[in-house]
Amino acid sequence: MTKKLEISASKAPQIGPSQFQLLEQLCNATAVSGDEHEVRQIVIEQVKLIADDVKVDAMGNVLVTRFGRGENRVRVMLASHMDEIGFMIVKKHDDDLFQFERVGGIDERQLPGKAVLVGRDHLPGVIGAKPIHQTTTSERKKKIECSSLRIDLGPEIGDKVQPGDRATFATRFEILGPSLRAKALDDRLGVATLIELLKYAPPNIDLLAAFTVQEEVGLRGARVAAYHFNPDMAIAVDSTPAYDLPTWDEEDQNTRYNTRLDAGPAIYVMDRGTIADRRLVKLLSRTGDEESTPYQFRQPGGGGTDAGAIHLVRTGIPSVSVSVPSRYAHSAAGIARIDDWANTLRLLHAALGRVTPDLLAGERRD
Amino acid sequence: MNDILPLLKKMLSAPGLSGFEGPIREIITQAWRPLTDELSVSKIGSLHGLKKGRGEDPRKRVLISAHMDAIGMIVTEIKDGFLRIAPIGGIDHRILPGQPVIVHGRQALRGQVVQPPGFLLPESVGSGPVKMSYLLVDVGLQPEVVSEKVRVGDLVSYAQAPIELTGEALAGHTLDNRVSVAATTLCLEELQNRAHDWDVWAVASAQEEVSLGGAQTSPFEIRPDIAIIVDVCFAKGPGATDWQNLPFGGGVGIGFGPNIHPALYSRFEETAKTLEIPVQKDLMPKMSGTDAMAVQVVADGIPCAVLGIPLRYMHTPVETVSLKDVRRVGRLMAAFIANLKPDTLDQINWEA
Amino acid sequence: MKSLIQKLVETPGPSGFEYQIRDVVRESIGDAADEIRVDALGNLIARKGEKAENGMRVMVSAHIDEIGLMVTHVDENGFCRFTNVGGVNPLTCVGGRVLFMDGARGVIGMGGVERGKMPKLTDLFIDVGATNRADCPVGVGDVCGFERPFMDLGKRMVAKSMDDRIAAAIAIEALKQLESTPHEVFFVFSTQEEVGIRGATTAAYGVDPDVGFAVDVTLSGDTPKATPKMVTALGNGPAIKVRDSSFIADPRLVDWMVKQAESAEIPYQMEVLTAGGTDGHAIQMTRGGVPAGCISIVCRYIHSPSEMVDTDDVENSVALLVKLLSEPIELG
């Protein structure tokens, strides 16, 4: 495929109306792990005019290459996952209600009383709950278990929904002042960021963008994508929780916020899956300092990104992750700041422009 | 088609715990030798059988992966002539007391799992279930003889003999997953008389029950274009009635979920329809719990299908299947493979 | 050998931050290897020997990382909250001392735990002697190891990171003593084992061995009320692993190792471990699969600041490793 569209590499990407529109389209699409079709179509449509190569692999990853120009280009893989947490319909009961299972980590307490969309046709349904009048005190002390909940699409749904169909929360994208509110910000923010970076890819690198599948069920797509690309280095671009909420006990301070909104992109030092390569951590923090772009270090600890799979492929790939902070991940609606997203895009673009072969010439050191 | 029961019974009588598949591999080797063009053993003990297709070189490759390893136990300590044990693979300790076993020491020793009386165990055990670490194995020999014949690290396998039940049902230990090896054998037999374009790589994989070790390594060596994973799946039975459980003897489970390529799912469903073989959609919303978890993510990814033989009482010594379902899987796979044309891979994509 | 061990165990090197310990290993090997390289994850790979007709490519893996802590938050009074790097037991943290990679030091304190209750890591903090956030010398993402000097008790030795520096010492010593081998041996000093056997995963892919051995510590069953119950004991010789929770050693290799130990009259014990993993897993699972085994050094109080091994076990482990690497490997 030949490149049909050139955008000046010196220009920096911006967040504006067309980026919001793209993010809206991405967040409102359904792409539960294992069935990423809708987001895949959007991604392919977006990148086909700017890419040198677009490939859909055996697992459904979209693997996009955009070559730089000149000598000694570094092969940089960026990875964002297309899939989201959601549901699979597993059984139709005699009362025309549907039993479902969760796909990915969803707290059961987030389920009752929510609107959902089922299947490729986005059929509307609801997850109800027993009337409070008929519950006992002891019942109200227990979680409502997922296995007792049903999705109701009305009495005449007939055969339009089948076991195996996927469903998501029905939340529609909206902008609330300085914030974005949507389902699946994890990781459509990353997907949108990668698309913008592809458009404005700096010439000093070959940009290998992996739009991955099945991150939420075990970082599975990223592993084969990294094997395919065999890059010199990799950055996972994801969305990570901000738990910057008050503590109940006034005397306690919140020391476990993970990230905070308005503090800029979150650079990873360590999570459950990866101990980041410090050369890349420093590349990012130095870039932020020099460009006066705010950033924060995500609190080291649990959680994980596609980097966890990527860095262990073949003989090892120096890797780091950057996330847009977002509150209420893995629920019906997250909230993120537009500025944090814009600064993530800005930081990554500037950092990619600074990548040289020297960066990785020595040994991994602190 | 040959009667599969004799081979199956022979396989069920052979040890072959995860990581120690030697004895079962020998039996499968004999069964597959006349049915394949080449046989080899992977570096960690999986058996690879190649039956060449008639298409032009280079031919596409389809992998059939059926794990041959069994769950069991391993000796951790020898105490006053009794053996203490730990599991290899997932064993519910509550089914162990009183089970006949074979201890594979310097010679095979028959014995049984014993549950010591509560007053010899920590008080916390009470009348509740007894953890495996508290159970003992008694082989009926004096302590000094036991110490001579058994050492720490020796294996302990179930000794329950296969039992033929009514209605072509078979019970026994390790039907998981020797029935799938039997189905693969039937498929190879059927392919003797059917032309097929693709190379068929039949793999009896090692170490599924502990690490998916065979499934991670053999495809890396073979690099198939697509893979069919055959394993047992959950049949409806006492206490097992929810959506995960398929009717017993009700036909082949075809896996559906993230581990499975949707185009292969559809192709199997259509093939079954043509052959009038009953099938059931086996939903796997997250992981399949089979070799497909490993095969799918080998190298740059391999499209997988998962076929299941509904089985009751999984991981007990009295697992039960319907032989009808075993034959159905064999026939379905053979037809599926015979239908693979040189250009079929182009139709196995994500944009359908 | 004790001075080598002391140097190795006293150098900090939590998972992912192995550059100092890697330099110590490189220096200790000196010119005893034919070639030394370092891969993307920081594994140091020292090659020795040429492959003879009856030889193989053999990987020996000893991990050089250790458990440690990483700062997650510095509060306004200069106290540092932290998370674990690898399997850290809160019980053995309290009152402990830590050493940061850049030399800063601190002690571990605890708050909010009722008497008689077990502390969680989130109940603990590091006090580096700062008076407020501004003068705290460490920040979010800084990593430290436990600080505890090497203790020589004669027949027994104690240190914070016997797991797995004792294996690194054994591998270095074996590399030096190995005079003639039919094999091309790759001594891998691997990284990030404690966080999930990561370094050995990429090292094994790169080395592409025909056979591999991990060298690691294993639990002992010879202390009062030891759990889990094990037959392994200090002083009974190197343990030949049958299985752990990460892999089942290749039975052909296990038999061969037993034969070699017996023919060289080296004492040995058999090991069945129901908890814990080793680099053997990574070797076995790489590429098309590799027969893998493991020599274990029985160790008391693993993942505490006072891990204890037996000097004779260490010497016998060197002898066994040298023996294994000197002979053609028969897989029967």
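Computed from the coordinates by the stated procedures, all read-outs in this text should not be read as laboratory data. Note that the coordinates shown come from a computational prediction; the quantities given were computed from them, not determined experimentally. When we count neighbours, we look across all protein chains shown, and the Cβ atoms used for this are built from the backbone with ideal geometry, even at glycine.
Note on the protein assembly as shown: Rg/Rh from Cα positions, Kirkwood definition for Rh, rounded to two decimals, is 0.96. Restricting region A:106-167 to trypsin sites (Lys or Arg not before Pro) that sit in a DSSP loop and have at most 15 other Cβ atoms within 10 Å of their own Cβ leaves A:Arg120, A:Lys141, A:Lys142, A:Lys143, A:Lys160.
Taking chymotrypsin sites (Phe, Trp or Tyr not before Pro) as exposed when their DSSP state is a loop state and no more than 16 other Cβ atoms lie within 10 Å, the longest site-free interval of chain A runs over A:68-242. Our analysis of region C:260-302 gives Rg over Rh at 1.04, with the two radii drawn from alpha carbon positions and Rh computed by the Kirkwood formula.
Taking only DSSP H segments of four or more residues, each worth -39500 (n - 2.57), what value at 222 nm results for chain B once the sum is divided by all its residues, to the nearest 500 deg cm²/dmol? After summing the helix terms and dividing by the residues of chain B, the value is -7500 deg cm²/dmol. What longest range of chain C stays clear of loop-exposed GluC sites (Glu not before Pro) (DSSP non-H/G/I/E/B, at most 13 other C-beta within 10 angstrom)? By the stated rule (loop sites, at most 13 other Cβ atoms within 10 Å), C:180-264. Pairwise inverse Cα distances across chain C, averaged and inverted, put the Kirkwood hydrodynamic radius at 20.2 Å.
Could you work out how far helix A:17-28 tilts from the main Cα principal axis of chain A, as a 0 to 90 degree angle to the nearest 10? Taking the Cα atoms of chain A, the angle to A:17-28 is about 50 degrees. The angle between the Cα long axis of helix C:162-177 and the longest principal axis of the Cα atoms of chain C comes to about 40 degrees, rounded to the nearest 10.
Cross-link partners of C:Lys225 among aspartates and glutamates, defined as those whose alpha carbon lies under 16 angstrom from its own and excluding same-chain residues fewer than eight positions apart: B:Glu77, B:Glu123.
For A:Lys11, the lysines whose Cα falls under 25 Å of its own Cα, not counting residues fewer than eight places away in the same chain, are A:Lys3, A:Lys48, A:Lys199, A:Lys282. With a sphere of radius 12 Å drawn around the Cβ of C:Ile295, what net charge do the other residues whose Cβ falls strictly inside it have (Lys, Arg +1; Asp, Glu -1)? That sum, taken over residues with Cβ under 12 Å, equals -3. What is the local net charge at C:Arg37, summed over the other residues whose Cβ is closer than 12 Å to its Cβ (Lys, Arg +1; Asp, Glu -1)? Computed value for this residue: -1.
To the nearest µm²/s, what D does Stokes-Einstein give for region B:193-312 at 37 °C and 0.692 mPa s, using the Kirkwood radius over alpha carbon pairs as Rh? So the translational diffusion coefficient is about 218 µm²/s.
The sum of -39500 (n - 2.57) across all DSSP H runs of n ≥ 4, divided by the residue count of chain C, sets its helix-only mean residue ellipticity at 222 nm to -7500 deg cm²/dmol.
Among C:Asp75, C:Asp39, A:Asp249, the order by Cβ neighbours within 10 angstrom, fewest to most, reads A:Asp249, C:Asp75, C:Asp39.
Each 5 Å bin from 0 upward holds the following percent of the Cα-Cα pairs of region C:94-154: 4, 15, 22, 22, 15, 11, 7, 2, 1, 0. Across all Cα atoms of region A:81-155, the radius of gyration (one decimal) and Dmax (whole number) stand at 13.3, 43 Å. Averaging 1/r over each pair of different alpha-carbon atoms in chain B and inverting the result gives 20.9 Å, the Kirkwood hydrodynamic radius. Label separation (A:Glu145 vs B:Asn193): 5.1 nm, computed from points 7 Å beyond Cα along the C-beta direction. Compared with the dominant principal axis of the Cα atoms in chain B, helix B:213-222 is inclined by about 30°. Among the trypsin sites (Lys or Arg not before Pro) in region B:8-95, those located in a DSSP loop and surrounded by at most 16 other Cβ atoms within 10 Å of their own Cβ are B:Lys52, B:Arg54. On the beta carbon distance between C:Lys2 and B:Lys273, with R0 = 60 Å, the FRET formula returns roughly 0.25. Can you give the log10 of the normalised intensity I(q)/I(0) at q = 0.19, 0.26 Å⁻¹, computed with Debye over equal Cα scatterers of region C:1-92? The Debye formula, applied to the Cα set alone, gives -1.01, -1.36. Region C:279-332 and region B:201-270 have their alpha-carbon centroids 36 Å apart. I want the local charge near C:Arg57. Using Cβ-Cβ distances under 10 Å, sum +1 for each Lys or Arg and -1 for each Asp or Glu among the other residues. Summing Lys and Arg as +1 and Asp and Glu as -1 gives -1. Magnitude of the charge dipole for region A:155-248, about its Cα centre and with charges confined to Cβ atoms of Lys, Arg (+1) and Asp, Glu (-1), is about 120 debye. Note on B:Lys236: lysines with a C-alpha under 18 Å away, same-chain residues under 8 apart excluded, are A:Lys91, A:Lys92, B:Lys281, B:Lys324.
Given a Förster distance of 22 angstrom, what is the FRET efficiency for B:Arg151 paired with B:Gln115, based on the Cβ-Cβ distance and rounded to 0.05? Calculated transfer efficiency: 0.35.
Put simply, the Cα atoms of region A:145-245 extend 59, 38, 27 Å along their principal axes, the longest span coming first.
When exposed loop sites are taken as GluC sites (Glu not before Pro) in a DSSP loop with at most 10 other Cβ atoms within 10 Å, the longest stretch of chain B clear of them is B:57-275.
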